[in-house]
Amino acid sequence: MGLLRGGINEVIATTAYNAAPIGIHYREQKYHAILFSGTHTAENVARDGWLVANLTHDPVMYVKTAFEDLPREMFIQEPVSGKSMHRLAGADGWAAFTATVEHQNAGAMTVSLSLEKELIEEVGLSPVNRGFNSLIDATVHATRYRITRNAELKQHIEYHAGVVRKCGGRKEIEALGMLMEYIG
């Protein structure tokens, strides 16, 4: 069994000096991702043909990479299958993939992923934390809300913010404060 499990794995994907949270789907022993067209992640994957899935339990990193670019010193170059790929410094583990665009339209592209290498950098147990999980859901909704200003998305964000406030620790609450600032 690899680092990613069945279903949708929320990771921070890195491409060429770029990081963004995405969901990597793992079903029937196949990996794929759906990337929004026009993003740095989609452009880099289409151009370079690779993506690294970074696993971390740092809620601030999920929020930060959803809304801003990281400085170059936050990335480490890794040689993988003859390519120089970038991963996050400080990730607990990572999985490097070659990426092939399968379908593309004006809004999104579907990318099939082939695992090339994975590594655990830091061994540690992270118990289930409803605050962390709700922060991830709030971040997903917030990336869409920032574009659409859809009232239903705002309600979802508020619901998850309540769970973060109730169940989250210091880092989750810090990340929630950042998220609320990003969406205005």
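Among the listed residues Ala106, Ala99, which satisfies the condition of being part of a loop (DSSP other than H, G, I, E, B) and more than 22 Å from Ile136 (Cβ to Cβ)?
Going through Ala106, Ala99 in turn, the sole match is Ala106.
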### Query
Does Thr98 qualify as being assigned by TED's automatic domain parsing to the domain that holds Phe67, in contact (Cβ under 8 Å) with a residue 12 or more places away in the chain, more than 18 Å from Thr39 (Cβ to Cβ) and among the polar types (S, T, N, Q)?
yes
#### Entry: Filtered residues of the range 133-166 (kept if in contact with a Lys or Arg (Cβ under 9 Å, 6 or more places away or on another chain) and surrounded by fewer than 16 Cβ atoms within 10 Å (Cβ to Cβ))
Asn150, Lys166
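Conditions tested, residue by residue: (1) out of contact with any helix residue (DSSP H, G or I) (no Cβ under 7 Å at 6 or more places or on another chain); (2) not aromatic (Phe, Trp, Tyr).
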residue	(1), (2)
Thr98	yes, yes
Gly107	yes, yes
Val111	no, yes
Phe132	no, no
Tyr182	no, no
### Task
Could you tell me which residue of the range 116-158 is farthest from His32 (Cα to Cα), considering only residues that are charged (D, E, K, R) and assigned to a loop (DSSP other than H, G, I, E, B)?
Arg149
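The values are calculated or read from the model by the stated rules, or taken from the named source; none is laboratory data. The structure presented is a predicted model; accordingly, all values stated were derived computationally and were not measured. Using ideal geometry, Cβ is built from the backbone for each residue, glycine included, and neighbour counts are taken over all protein chains shown.
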